[in-house]
Every structure is written in C-alpha cells, then in structure tokens.
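Visitor: I have a structure I would like to understand better, so I am pasting it below and will then ask my questions one at a time.
Please treat every number below as a calculation from the coordinates, not as lab data. These numbers come from a predicted model, not from an experiment. Glycine also receives a Cβ, built like all others from the backbone with ideal geometry; neighbour counts cover every protein chain displayed.
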Amino acid sequence: MIYNRIALIGLGLIAGSIGLAVRKRGLAGETTGSASTAKSREIARNRGLVDHVCKTNAEAVAGADLVILCVPVGVMDAVAAEIAPHLAEGATVTDVGSVKRAVIDAVAPHMPGYVEFVPGHPIAGTENSGPDAGFAALFENRWFLMTPTESTSEAAVARLQDFWEGMGALVARMDPDHHDRVLAVTSHVPHLIAYTMVGVADDLRRVTNQEVVNFSAAGFRDFTRIAASDPTMWRDVFLNNRQATLEILGRFTEEIFALQRAIRRGDGEHLFNHFSRTRNIRRGIIDAGQDTAEPNFGRSAGGL
C-alpha cells in the first residue's frame, strides 16, 4: 500500500482504469471518486471502480492523501478552486491531462501551501471514453510523464513514481514546455490529422457514407479509430496547447508541400527515401515495446 486514501475526480476511462488497477494491485487502503453526472456515478458504482462514489468533488477529496484530477483540461481551473479548501494537509495533488503548462497555470495558484502538486500525464488510452471503458491493464508498460514544479518536494515525486510503477507504468520526468512540444508531435497533431481526414471523407459527396464504411482500407480505419476519441478532451487539448500544435502543424504543412511536389514531378526517389525514413520510426516504436507488430496492431478483426 502506497497511499491510504486516493480520490479520483472524474470517473472516465483513465480514472476507471486507475481505480481498477489500484484495487487489483493493492496500492491504496481505499478509493473515492466523483463524477458530474448521475449516470457516470451509477456505472462507476456498478463496476466497482472505487470503494466510495461521491456526489461532490469536495466529499471525494476529504481525507485523501492522493488526489488525481481526471477531468478535461478546460475545467481544471474550476475544479482546483472547488477542492482546494477541502484538501487534507500533506496531500499530493496530481492530474492526467495531456497538456502540462496550461494545467500548471490553472491548478497551481489554487493549491494551499500544505499540499504537494505534481503534474503528470499517463501516455495511455483508447478511443473509448467514460466509466464503462476502463480496465486495470491500461498502464502496463506505458509511460507516465511527471512535470513537477519548483516547489514540489522530492519525497512527493518519489512516492507518486512508486504509485505509477506499482500499476505497471514506466515513469520519466520532463520539463512541462518540452512535454507539450513532444506531445504535439506524438499525439496532438496526429489526432488533428485523423479528425481532418475523416472529415474530408465525409465531405466528399461523390463518396457515400456507405462506400466509406464498406471499402475502408486499414489506413482509413485507423484514422476513424483515432477520430472517435472524446471531443471535449481534444477540444481542450488544442485550445490549451496552441503554440506547440501550430508549430508542428507548420512543419507538417511543409512536409505535405514537399510530397505534393515530388508526386507532381514523378520524383520516385524522394518518395522512396521519405517512406524508408518514416518506416524506421514504426520499427523503433515496436522495439521500444510501445506497440505490437501483430496484424491489425493486435486488435480484433471486428474492431475499428
């Protein structure tokens, strides 16, 4: 047991997976959780995601020595302000947002001096969302990035690292601005491209929806899987990581123009060299154990 009581604010995919992993691995004495809707609270209660499902965030954080904010980035400010007066002395507050600078700016000003704030981001998830989507193995062999502030104690950081490693995650520390730039490359812009490509297919009236569904190749199916992600979460990600996202989008646009030029000119050597270089990235991801080389990325034939 690493913490006596853990509070999960928001009971979606990530929080639900944390709750199930904590119970499976015995990482806490008890867990509480809160959600904004009665339906989510009912599902969480029926699935046993936490020991106690609370109606309010204030009730959930009372007496907790670890509080994990599992809410969209856009509401971090309001939630932090709401729970601040109810936090226990010596508690650690962390989060799971995929943008870090905006979360620090939103949460840190509300934190009392007697709590520790350790911003974090588990690089794990699926296209599904909600309290019925979580599973205990979500974080196994996946990275959890910590971006502690200057005022965070080493003891609090080390304890949180033990917690995430206890769930099977790999843990690293990163500067928050560097984190946001890296994730713009590895997650944020790829999601934007997927949303755009699926939108383009939908806009092409000469290709009916049924044709898109029936004749989808593997590449387009993967775009649709990514584009099925939670709209609220991704709206907030792009609004709160504008600078890094726009920078990477600019570089992406330059690459697209270069490929357009190569195709127009029939420059097969440029295309081959580009595809060979990018193919090695995929091999590196598999070698690092962050994906599988199984057909269809290890997903069942019936899945997206």
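Visitor: With springs only between Cα atoms under 10 Å, which of 38, 91, 60 fluctuates most in a Gaussian network model of the chain?
Guide: Top of the fluctuation ranking is 38.
Visitor: Computed FRET efficiency, Cβ-Cβ of residue 172 and residue 252, R0 30 Å: what is it to the nearest 0.05? Present the calculation step by step, with values, prior to reporting the outcome.
Guide: On the way: r = 25 Å, r/R0 = 0.85.
Between residue 172 and residue 252 the formula returns 0.75.
Visitor: Which of the lysines could be linked to residue 55 by a straight reach, that is with a Cα gap under 26 Å, when you skip same-chain ones fewer than 8 residues away?
Guide: Cα-Cα hits under 26 Å: 24, 39.
Visitor: Over all Cα pairs of segment 1-124, how is the pair count split among 5 Å bins, expressed in % and running from 0 up to the last occupied bin?
Guide: Result returned by the calculation: 2, 12, 24, 26, 21, 11, 3, 0.
Visitor: Starting with the highest mean, order 10-19, 151-160, 62-71, 231-240 by the number of other Cβ atoms within 10 Å, averaged over the residues of each peptide. All intermediate terms of the calculation are to be shown ahead of the outcome.
Guide: Working: 10-19: 27.5, 151-160: 14.8, 62-71: 23.7, 231-240: 17.8.
By packing density, highest mean first, the sequence is 10-19, 62-71, 231-240, 151-160.
Visitor: If you don't mind, there's one more thing I want to ask. Just want to confirm a number: the relative contact order over the chain, from Cα pairs under 8 angstrom separated by 6+ residues, in percent.
Guide: Numbers: 479 pairs, mean separation 47.7, N = 304.
The normalised contact order for the chain reaches 16 percent.
Visitor: Say the dipole of the chain comes from +1 at the beta carbon of Lys and Arg and -1 at that of Asp and Glu; which of 149, 46, 120 then lies farthest toward its positive end?
Guide: Looking along the dipole axis, the top candidate is 46.
Visitor: Per DSSP H run of at least 4 residues, take -39500 (n - 2.57); add these up for the chain, divide by its residues and hand me the 222 nm value, nearest 500 deg cm²/dmol.
Guide: Details: 13 runs with 149 residues, N = 304.
Calculated at 222 nm, the ellipticity per residue is -15000 deg cm²/dmol.
Visitor: Please give me the summed charge of the neighbours of residue 179: other residues whose Cβ is under 10 Å from its Cβ, Lys and Arg +1, Asp and Glu -1.
Guide: Around residue 179, the charge tally is +1.
Visitor: Sticking with this structure for a sec: In what order do 34, 276 fall by count of nearby beta-carbon atoms within 10 Å, going from fewest to most?
Guide: Lowest to highest Cβ neighbour count: 276, 34.
Visitor: Let me ask another. Counting every Cα pair in segment 177-289, what percent are over 23 Å apart?
Guide: Details: 2806 of 6328 pairs.
For segment 177-289, the share of Cα pairs beyond 23 Å comes to 44 percent.
Visitor: Work out, step by step, the length gained on full extension between residue 265 and residue 30: first 0.36 nm times the residue separation, then minus their alpha carbon distance; give nm to one decimal. Don't skip to the end; give the middle numbers.
Guide: Values: separation 235, 0.36 × 235 = 84.60 nm, distance 6.42 nm.
Gain on extension, residue 265 to residue 30, equals 78.2 nm.
Visitor: Related question: Among 278, 17, 98, which residue has its Cα furthest toward the positive end of the charge dipole of the chain, with +1 on Lys/Arg Cβ and -1 on Asp/Glu Cβ?
Guide: The one lying farthest along the dipole's positive direction is 278.
Visitor: On a full-extension model of 0.36 nm per residue, what is the gain between residue 154 and residue 220, subtracting their alpha-carbon distance, rounded to one decimal in nm? Let's see the in-between values first.
Guide: Working: separation 66, 0.36 × 66 = 23.76 nm, distance 4.51 nm.
Stretched fully, the residue 154-residue 220 segment lengthens by 19.2 nm.
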